[in-house]
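Okay, structure first, notes after.
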Amino acid sequence: MESELAPVGGELPELLNGLPDHATARPLRQQALLHLQKQRGNGYVQRHLHPEDVQLTEEDETPLPTEGLGAQEELEGHGDQGQQTVVQREGGGGAAPAAAPASPTANITLTVNAPTIVRSPEADISASHGAENIAGWCTPAYNVSVTSRTATTIGMTVTLSFTIELASEYTGDRLAILSDHENGHVRLGERLARQHFVTDLQTNLQALPNFSAAPSIQGHIVTAANGFTTAEAAESAAYDAADYPRMREAYFGARTPLADLAAASAAIQRMIDALQAFNSYVTNMDALDTDESALENVTHPIIQARTALSQVDVSRLQYNPEFKTLVATSQNYVNGMKDHVSETGGVNLNEIEMTLATFTWGPPG
């Protein structure tokens, strides 16, 4: 009777599905299960009856297919609309932190490619993105690939890329302002990719009972991709709205003579005076016989003057070529004096160094 219920080569799901769903068929089902237990072992039966609860063994570490798993998309991107008050955007590598020795384990590596820079006329950039006065545009793209999979381990790579378009009419300091802003989107995109494609995706994957079910894996990949896309769009828009005012002041400062900036702001004039006094003193002092008291008198005013600057003042000074030269000269003097000034004296060169470094704008992230 057993041979009729369970012919050689029959699979458990096929055998049970072929029996009527009625109480009278219960003895037949029990006989079929007993036959499979004798023929294949209790572990085989349990794996087919409850695949989600089965205890994984070394046999389950055989490679599983990765086809159909992953995600890839080029996002819409955001554009810099010159000096107007609108919104724009743009979109580094690392591996996920090693998980505690437990199953299942997801290993995810993030690679951020260096941005691809494209120089085009502003009119062409505007036309290609269907807007006006677009001087810069950054388009992010991601590629999620499953490189290996067993029941207990999965390996994935996430590649993040950016294409930055910059108007060919922009050169010198104007180009630096535009480029720095666009690279802020790259930093922002990298941070969000680490959050959604590495931290969150790893956590969600490792919450699965195992990696046998491809649809569950793909579902979490899609969730991570959607989360990244939504967050990148929202945070890029917020970044643009917050940074456009700084950019307008930076453009103004870059094309305005330093004397004119000082004439319009007493705080800027005070900053210039402090730096010039410091540079003049160091130029004429005897490095072998440093008067730290006198040196203190020309270093502390730099810190005090920097504190008095408004954010608009700072934005106008950051890309002004004359001011950048003045700051660079002071930075060189500070580096050259480190071996001649006591660390316990009244002159804190590290503090001066950090103060001067605040005149270099850095993108968010």
Item to complete: Restrict the check to the stretch 192-208 and report whether at least one residue is outside any helix (DSSP H, G or I), open to solvent by 40 Å² or more (accessible area, probe 1.4 Å), among the small types (Gly, Ala, Ser) and at pLDDT 95 or above.
Response: yes
Item to complete: Tell me, please, whether a residue that is outside any loop (DSSP other than H, G, I, E, B), surrounded by 11 or more Cβ atoms within 10 Å (Cβ to Cβ) and at pLDDT below 95 can be found in the stretch 336-347.
Response: yes
Practice prompt. Among the candidates ALA294, ALA287, ALA274, single out the residue that is of a type in the set (Gly, Ala, Ser) and at pLDDT 95 or above.
Written response: ALA274
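Would you mind stating whether ALA242 is out of contact with any Phe, Trp or Tyr (no Cβ under 9 Å at 6 or more places or on another chain), surrounded by fewer than 17 Cβ atoms within 10 Å (Cβ to Cβ) and on the phi < 0 side of the Ramachandran plot?
Yes.
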Discussion item. Being hydroxyl-bearing (Ser, Thr, Tyr) and under 35 Å from the mean Cα position of the chain (by Cα) is the requirement here; does TYR281 meet it?
Written reply: no
Item to complete: Give the residue, chosen from ALA254, ALA242, ALA231, that is part of a helix (DSSP H, G or I), under 30 Å from HIS185 (Cα atoms) and at pLDDT below 95.
Response: ALA242
Worksheet item: What is the residue count in the stretch 115-138 for residues that are in a loop (DSSP other than H, G, I, E, B), open to solvent by 80 Å² or more (accessible area, probe 1.4 Å) and either among the small types (Gly, Ala, Ser) or modelled with pLDDT of 90 or more (or both)?
Response: 0
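Any residue that is touching a helix residue (DSSP H, G or I) at 6+ places or on another chain (Cβ under 6 Å) and open to solvent by less than 50 Å² (accessible area, probe 1.4 Å) - is there at least one of those in the stretch 141-148?
Initial filter on the stretch 141-148 (touching a helix residue (DSSP H, G or I) at 6+ places or on another chain (Cβ under 6 Å)): 144.
In the following step, the residues that additionally are open to solvent by less than 50 Å² (accessible area, probe 1.4 Å) were identified as 144.
Yes - at least one qualifying residue is present in the stretch 141-148.
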Worksheet item: Do you know which of the residues in the stretch 215-247 that are touching an Asp or Glu at 6+ places or on another chain (Cβ under 9 Å) and of a type in the set (Gly, Ala, Ser) is farthest from PRO63 (Cα to Cα)?
Response: SER236
Worksheet item: Only one of (1) within 20 Å of THR111 (Cα to Cα); (2) open to solvent by less than 10 Å² (accessible area, probe 1.4 Å); (3) not in a helix (DSSP H, G or I) is not met by ALA151, so which one is it?
Response: (1)
Practice prompt. For residues that are assigned to a strand (DSSP E or B) and either at pLDDT below 95 or open to solvent by less than 80 Å² (accessible area, probe 1.4 Å) (or both), tally how many sit in the stretch 89-114.
Written response: 9
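The values are calculated or read from the model by the stated rules, or taken from the named source; none is laboratory data. Predicted model, so just to flag it, every value in this text is computed and none were measured. Methodologically, a virtual Cβ is constructed for each residue, glycine included, from the backbone with ideal geometry; neighbour enumeration extends over all protein chains shown. Keep in mind that these areas ignore ligands, DNA and RNA; they rest on the heavy atoms of the full protein, side chains included. Shrake-Rupley method; radii C 1.70, N 1.55, O 1.52, S 1.80 Å.
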